[in-house]
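See structure below.
The values are calculated or read from the model by the stated rules, or taken from the named source; none is laboratory data. Given the structure is predicted, the values throughout are model-derived calculations rather than measurements. All Cβ positions, glycine included, derive from the backbone under ideal geometry; neighbour counts span all protein chains shown.
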Amino acid sequence: MLNLILDLDTGVDDSIALSYAALNPEVNLLGVTGTFGNVTTDMGARNALAVLAMMGRSDVPVFEGAYHSLTTESFSPHDVSVRIHGRNGTGNVVFPAAERSVEKEAASDFLIRMMRQNEDMVIVTTGPSTNLASALMKAPELSSWKGRVVIMGGALTVRGNVSHFAEANISQDPEAAKIVFESGLDVTMVGLDVTMRSRLRKSDAQAWRATGTEAGKAFAGMLEHYILNTIGGDDTYVHDPSAVVCALHPEYFSLLPLALTVELDGADRGRTVGDESRILEKAPKTRAAVNVDSGKVEKELKIIGEYFTRIS
Ligand code: BDR
Ligand code: CA
């Protein structure tokens, strides 16, 4: 059983990643922390609560975290995020609002408390790394924490998706990502190198809708919106769910040990790259996923459709 915390900017692929984790019998989902990114932090947290309710997992606590990056004073979603994830983060499909609210504790405090209690745990971030960086700034001794971190973000062998070099999650808060990569924690980067190799398809959406369930129909509409506004063909990338699959099944991925850092300046801002100042390190604590058995990732995600069938 994998003890897991998900740190999300709950848009479309975050919702699918959350459903996969919430429905997976191999996962002990300890909590969800929310950040800005695809949507504002409060909207993302509301989406996480709604998704958990649809998955029958209203037992999982949700915590609100950073409202903006470490270097900014405010945040509003970028036009491209609104187009891809819809105005509400769920592809403009209205999910039934959850009957509960977020917890009072701040996301970074929850992360600190759980890291202190539990070394046998994985934190998966699928948005900007701000909450985890804030936790490390508040409690620097946690850099010797023995658990694992898996980050959906970055691009090592392919171009970025917001600039030539930068991927969206890293680009939203490069300073935070740099803190996490250089912290000494065990970090696996699941970037565009692998997330673009696996696909969710229109046929998945059609099968979800065919179950006739409210959740299946809502998820189908959300996925179709995402397919249309990302690639625009018959399928789309599997960004955030790939990170959760990698937390559970690192053996599905080719992992390159590499002392990772993030460029902060100029046209390279937000680029994930090997740190030449640490190139002599014999056993780097960070690694980048550079290839994947996409069939295995896609098969894992069938858990979601099976749930919709089960409740129909
Ligand atoms: C990442 O950016 C967000 O739009 C997605 O949710 C994913 O986390 C992909 O670059
Ligand atoms: Ca995300």
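Summary table
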| quantity | calculated |
| --- | --- |
| Search result, residues across region 120-141 that are outside any loop (DSSP other than H, G, I, E, B) and of a type outside the set (A, V, I, L, M, F, W, C) | THR125, THR130, ASN131, SER134, LYS138, PRO140, GLU141 |
| Top-ranked residue of region 275-302 - restricted to ones that are under 18 Å from the mean Cα position of the chain (by Cα) and over 22 Å from VAL187 (Cβ atoms), ranked as surrounded by the most Cβ atoms within 10 Å (Cβ to Cβ) | LEU301 |
| Residue within region 183-197 that is without any contact (Cβ under 8 Å) to a residue 24 or more places away in the chain and either within 26 Å of GLY91 (Cα to Cα) or away from ligand 2 (no atom under 16 Å from the Cβ) (or both) present | no |
| Qualifying positions in region 181-221 - among the β-branched types (Val, Ile, Thr) and within 15 Å of the chain's Cα centre (by Cα) | VAL187, THR188, VAL190, VAL194, THR195 |
| Count - residues of region 146-165 that are away from ligand 2 (no atom under 16 Å from the Cβ) and crowded, with 24+ Cβ neighbours inside 10 Å | 0 |
| Selection count, region 223-274, where residues are under 24 Å from ALA176 (Cβ atoms), aromatic (Phe, Trp, Tyr) and touching a Lys or Arg at 6+ places or on another chain (Cβ under 9 Å) | 1 |
| Residues within region 152-191 that are closer than 16 Å to GLU263 by Cβ, among the aliphatic types (A, V, I, L, M) and not in a loop (DSSP other than H, G, I, E, B), tallied | 7 |
| Matching strands (runs of 3 or more DSSP E) fully within region 227-312 where at least 1 residues are at pLDDT 95 or above and of a type in the set (Asp, Glu) | 235-237 |
| ARG197 being part of a loop (DSSP other than H, G, I, E, B) and touching a strand residue (DSSP E or B) at 6+ places or on another chain (Cβ under 6 Å) | yes |
| Inter-residue pairs, beta-carbon under 8 Å, first over 16 Å from THR309 (Cβ atoms) and in region 14-26, second crowded, with 24+ Cβ neighbours inside 10 Å and hydroxyl-bearing (Ser, Thr, Tyr), 6+ apart | ASP14/THR126; SER15/THR90; ALA17/THR126; LEU18/THR10 |
| Candidates GLY31, GLY37, GLY65, filtered to the one that is within 14 Å of ligand 1 (Cβ to nearest atom), at pLDDT 95 or above and not aliphatic (A, V, I, L, M) | GLY37 |
